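Report on one structure; see the data block that follows.
The values are calculated or read from the model by the stated rules, or taken from the named source; none is laboratory data. Predicted model only: the values in this text are computed from it and were never measured. Neighbour counts are summed over all protein chains in view; Cβ atoms, including those assigned to glycine, are modelled from backbone coordinates with ideal geometry. Note: accessible area is taken over every heavy atom of the protein model, side chains too, but ligands, DNA and RNA are not part of it. Shrake-Rupley method; radii C 1.70, N 1.55, O 1.52, S 1.80 Å.
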Amino acid sequence: MPLIPKSHPRVKSLLIREKLVNGFDKGLVAKEGLLAQGRGEAFDYLLGEKTNKSASHAIKAAAAQLLVAEMPVISVNGNIAALCPKQIVKLSNQIKANLEVNLFYTNEKRKQAIVKILKKNGANKILGTKSTSSKKLPGIDSARRIVDKDGIFVADVVVVPLEDGDRTMALRKAGKTVITIDLNPLSRTSQTANITIVDNVTRAIDLLINESKKLSKKNQKSLLKIINEFDNKKNLRENVIQIKNNLTRRAKIA
Ligand code: ATP
């Protein structure tokens, strides 16, 4: 990894970028995944590269939703495997959710590389790896319609960090409650999910783990209250306003 001085104003962002480039070199990340990261970085910049109040609010709702879920599943793609393999395994243990490898640009070699890194980080059970377990989600026209019959196919709540809009819509049509983590509050995924955490996955997953731990002491009624009081559209609007306010502030000092 090239040396990035700690004093660099964009050090965190550059280190995340390096992780993704390393993930690409190790065969985890698709070329398109690098581009998706670029889009994410731009929004992170506009959001101030920190977890804002609206994201914290969405994280709380997501934790409550995961705690009341009967069969939660976390979908893992190359970017997640490269950026936060340890955290995603930790989250799956914390909320007792299955991990399912699900790739938009499907590729057996890449899938195996992702499985390997998840195992190295402590995952025992990983779905989405056997062709005999494949099922097709209706209403979507890509390799991503393939899901595991014991995973996403039967899940009630699906976490899809960095998902594409078509698949999020297909998951919603299939009756799933969808939680996403997406830095772009305007993306189709953000607009379609039930709960959108507008934050960088590298910050949000640890916060989601902590919030799940905290809320695990609450009863079902309190958790349902948190979920029912959460309004995703309103939360997305607040994120757009946050970007607007950040830009207005910058315009004054530029
Ligand atoms: P959609 O189909 O939902 O409109 P898209 O076509 O804009 O999405 P994709 O390339 O399918 O985008 O998915 C990448 C999404 O993930 C983008 O919205 C991007 O902002 C977001 N993203 C990229 N890197 C990160 C990250 N590290 N943390 C959170 N979100 C990220």
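With the dipole of the chain worked out from charges on the C-beta (+1 for Lys and Arg, -1 for Asp and Glu) around the Cα centre, which of 165, 151, 61 lies farthest toward the positive end?
Farthest towards the positive end: 61.
Kindly report the accessible area of segment 1-117 per residue (heavy atoms of protein chains, probe 1.4 Å, no ligands, DNA or RNA), in Å².
Working: 5980 Å² over 117 residues.
I get 51 Å² per residue for this part.
What distance in nm lies between label points placed 7 Å from Cα along the C-beta direction at residue 86 and residue 133?
2.6 nm
In this model, which of 96/149; 120/218; 149/173; 135/176; 19/96; 125/221 are farther than 21 Å apart at the alpha-carbon? Don't skip to the end; give the middle numbers.
Numbers: 96/149 18 Å; 120/218 33 Å; 149/173 17 Å; 135/176 15 Å; 19/96 27 Å; 125/221 31 Å.
The answer is 120/218; 19/96; 125/221.
What spacing in nm lies between the two simple spin-label points modelled at residue 49 and residue 8, each 7 Å away from Cα in the Cβ direction?
1.0 nm
What does the charge dipole of segment 83-191 about its Cα centre add up to, to the nearest 20 debye, if the Cβ of each Lys and Arg holds +1 and the Cβ of each Asp and Glu holds -1?
Numbers: 21 positive and 10 negative charges, 83 e Å.
My answer is approximately 400 debye.
Give me the 1.4 Å probe accessible area per residue for segment 119-166, excluding ligands and nucleic acids, in Å². Before the final figure, lay out the partial values.
Numbers: 2470 Å² over 48 residues.
Here the per-residue accessible area is 51 Å².
At a threshold of 8 angstrom on Cα-Cα distance, excluding pairs fewer than six apart, so keeping six or more, what relative contact order does segment 102-214 reach in percent? Can you show the working numbers first?
Numbers: 150 pairs, mean separation 19.3, N = 113.
Relative contact order comes out at 17 percent.
Report, to the nearest whole %, how much of the accessible area of the chain belongs to carbon and sulfur atoms, 1.4 Å probe, protein only. List each step's numbers first, then the result.
Numbers: 7090 of 13170 Å².
Of the solvent-accessible surface of the chain, carbon and sulfur hold 54 percent.
Given axes a ≥ b ≥ c from the Cα gyration tensor, I'd like to know whether segment 136-229 is rounded (a/c under 1.5), prolate (a/b larger than b/c) or oblate. Please report the intermediate quantities before stating the final value.
Numbers: a/c = 1.97, a/b = 1.46, b/c = 1.35.
Because a/c hits 1.5 or more and a/b exceeds b/c, segment 136-229 counts as prolate.
What lysines could a cross-link reach from residue 12, if we take a straight Cα to Cα line under 16 Å and drop same-chain neighbours fewer than 8 places away?
Once the sequence-local lysines are set aside, what remains near residue 12 is 50.
Cα gyration tensor of segment 42-94, axes a ≥ b ≥ c as square roots of the eigenvalues: rounded (a/c below 1.5), prolate (a/b > b/c) or oblate?
Values: a/c = 2.59, a/b = 1.25, b/c = 2.07.
Oblate is the answer for segment 42-94, as a/c is 1.5 or above yet b/c matches or exceeds a/b.
Out of all DSSP beta bridges with both ends in the chain, state the antiparallel percent to the nearest 5.
15 percent
Put a dot 7 Å past each Cα toward the Cβ at residue 149 and residue 22; how far apart are the dots in nm?
3.9 nm
Sequence gap at least 6, Cα distance under 8 Å: using those rules, report the relative contact order of segment 64-159 to the nearest whole percent.
Values: 143 pairs, mean separation 36.0, N = 96.
Answer for segment 64-159 is 37 percent.
Taking only protein heavy atoms into account and a 1.4 Å probe, give the accessible area per residue of segment 203-254 in Å². Kindly include the intermediate steps, with their values, before the conclusion.
On the way: 3680 Å² over 52 residues.
In whole numbers, segment 203-254 has 71 Å² accessible per residue.
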